[in-house]
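Report on the following structure.
The values are calculated or read from the model by the stated rules, or taken from the named source; none is laboratory data. Remember, predicted model here, so these are calculated numbers, not experimental data. So basically every Cβ, Gly included, is an ideal-geometry build from the backbone, and we count neighbours across all protein chains shown. All accessible areas refer to the heavy atoms of the entire protein, side chains included, with ligands and DNA or RNA removed. Shrake-Rupley method; radii C 1.70, N 1.55, O 1.52, S 1.80 Å.
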Amino acid sequence: MAKPASSPKSRGERTGSSRTRYGSTAATPADAAPSRTVGKIIAVVSVLFLVLILVFVGRYITQRRAEPISASLVAHERIDDTTSRVWFDVSRNDPDVPGYCIITSLNYERAEIGRRDVVLPGGGEEQTRMYVDIPVRDIPVSGGVYGCSTTIPSFLDAGEEYVEAR
């Protein structure tokens, strides 16, 4: 038996239907323009997004460096079961500006069991190591620096010399 010969028309229909389904491989410039435009828009938006991220990161870094006063924990010493001594380093950009720091004492669960506001009067050095004795309500095991500021609250007196914490 002989195989029926395929007609060119039937082959053309298959080719035509595949072109209809999958598109032509030789696109005209008018057909390619929208996809190029979309690609350019995506590229421009991506570049703008990256620039925006870089601007925010840069501002964050400069704001962190512009802190006028900061403190870091050096050591903790347990004087007795009701008193904790916390040593900390204070860094000030302008030592002539008064400030204050909040120093905490912590128990085993890392809960705050005591706190002192330490006033730092104007004058002195940019880097200072200090300590403060904190009365506590539990057994102290660690200390911490809650934060520092140059905006002194009304209940603290920045005019007095540092003798001991309030």
Please quote Rg/Rh for the range 72-166 to two decimal places, taking the Kirkwood radius as Rh and restricting both calculations to Cα atoms. 0.98
Give the accessible area for Ile61 in Å² (nearest 10); use a 1.4 Å probe, count only protein heavy atoms, and leave out ligands, DNA and RNA. 80
For the range 45-111, averaging the sequence separation of alpha carbon pairs under 8 Å that lie six or more residues apart and dividing by its residue count, the contact order in percent is 25
For Ile79 and Asp133 in one chain, what is 0.36 nm times their gap in residues minus the Cα-Cα distance, to one decimal in nm? 18.6 nm
Can you give the extra length, in nm with one decimal, that the chain gains between Arg59 and Ala111 once fully stretched, where that is 0.36 nm per residue apart less the Cα-Cα distance? 15.4 nm
Compute the signed sum of charges (Lys and Arg +1, Asp and Glu -1) over the other residues within less than 14 Å, Cβ to Cβ, of Glu125. -2
